[in-house]
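The values are calculated or read from the model by the stated rules, or taken from the named source; none is laboratory data. None of these values were measured; they are calculated from a predicted model. In this analysis, Cβ positions are derived from the backbone assuming ideal geometry, glycine residues included, and neighbour counts consider all displayed protein chains. Note: areas computed on protein heavy atoms with side chains; ligands, DNA, RNA excluded. Shrake-Rupley method; radii C 1.70, N 1.55, O 1.52, S 1.80 Å.
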Amino acid sequence: MKKELIKSIHVFILLGIILTGCQEKVDTPVENASSDSEPASSNSNSESTKSTNHSHNHDDEKQKEIYSGIFEDDEVEDRELSDWEGDWQSVYPYLLDGTLDEVLQKKVETNKDKTFEEYKEYYKVGYKTDIEQIVIKDDTMTFYKNGEGKTGEYKYHGYEILTYESGNRGVRYLFDLVGEVDGVPKHVQFSDHSIYPTKSEHYHIYLGDEDHDTLLNELDNWPTYYFSNLSGEEIAAEMNTH
């Protein structure tokens, strides 16, 4: 009887050991599965990063094409005045004082279609303006001449796609003065090499009291503005990146 009892105890203990070992073997793969899932997740993130980089690079190439005037009509979208919001300065004084000479020299070396003097004269006509500063906020534009500002409210009029002699194209965004205000233009057109909503970093502007069709035919004079907190040297560096 005692022997049978001892055997039963031994069997019970043995079964306990076996069951404990089985439990350890069942738990281990679960831990390993958790560990193995991290490389799979990392690979997934890596593929996502590659995809994002590819998309980003594609966007960069597309932006270069658009900046050069290569795009389809159905890619053009309406924009609000807020895209040009900010405090802007004319680059014309920097052209006159020689700060932009390095930009012109680079154009001479890159394009080889004009001499330095010819480029200088070309941009003197293009950049010429007596409006040294423009401040755009909400639906208003304030134009500064000799330190005195005049403010008008403007509403969106639509956009026009222009085709140039070179075959490239551009988009002008049109705005009209609301009501009657002395000292500000009745019509304003922006061109900043973009064709859909985005914050502008610089722009060319066409101003006047004539109708929009008359302004659309202006191709020689395109006053150009960069943010007022930039120095002339910083503006030259920005221009040289394009």
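Before moving on, here are some points about what is shown:
- Taken together, the residues in segment 61-82 that are exposed (fewer than 13 other Cβ atoms within 10 Å of the Cβ) and part of a loop (DSSP other than H, G, I, E, B) amount to 5.
- Selection within segment 86-109 - part of a helix (DSSP H, G or I) and either open to solvent by 30 Å² or more (accessible area, probe 1.4 Å) or over 16 Å from GLY232 (Cβ atoms) (or both): TYR92, PRO93, TYR94, LEU96, ASP101, GLU102, GLN105, LYS106, LYS107, VAL108, GLU109
- Scanning segment 67-82 for residues that are farther than 24 Å from ILE134 by Cβ and out of contact with any strand residue (DSSP E or B) (no Cβ under 8 Å at 6 or more places or on another chain) returns SER68, GLU72, ASP74, GLU75.
- Verdict on LYS114 being closer than 19 Å to HIS202 by Cα and surrounded by 12 or more Cβ atoms within 10 Å (Cβ to Cβ): no
- Restricting attention to segment 146-166, the residues that are open to solvent by 50 Å² or more (accessible area, probe 1.4 Å) and either of a type in the set (Gly, Ala, Ser) or without any contact (Cβ under 8 Å) to a residue 60 or more places away in the chain (or both) add up to 12.
- Taking the listed residues ASP192, ASP176, the one that is surrounded by fewer than 18 Cβ atoms within 10 Å (Cβ to Cβ) and of a type outside the set (Ser, Thr, Tyr) is ASP176, with no other qualifying.
Conditions tested, residue by residue: (1) of a type in the set (Ser, Thr, Tyr); (2) in contact with a strand residue (DSSP E or B) (Cβ under 8 Å, 6 or more places away or on another chain); (3) modelled with pLDDT of 95 or more; (4) surrounded by fewer than 13 Cβ atoms within 10 Å (Cβ to Cβ).
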residue: LYS128; (1), (2), (3), (4): no, no, yes, no
residue: GLU132; (1), (2), (3), (4): no, yes, yes, no
residue: TYR144; (1), (2), (3), (4): yes, yes, yes, no
residue: HIS187; (1), (2), (3), (4): no, yes, yes, no
residue: TYR206; (1), (2), (3), (4): yes, yes, yes, no
residue: THR214; (1), (2), (3), (4): yes, yes, yes, yes
residue: TYR225; (1), (2), (3), (4): yes, yes, yes, no
residue: SER228; (1), (2), (3), (4): yes, yes, yes, no
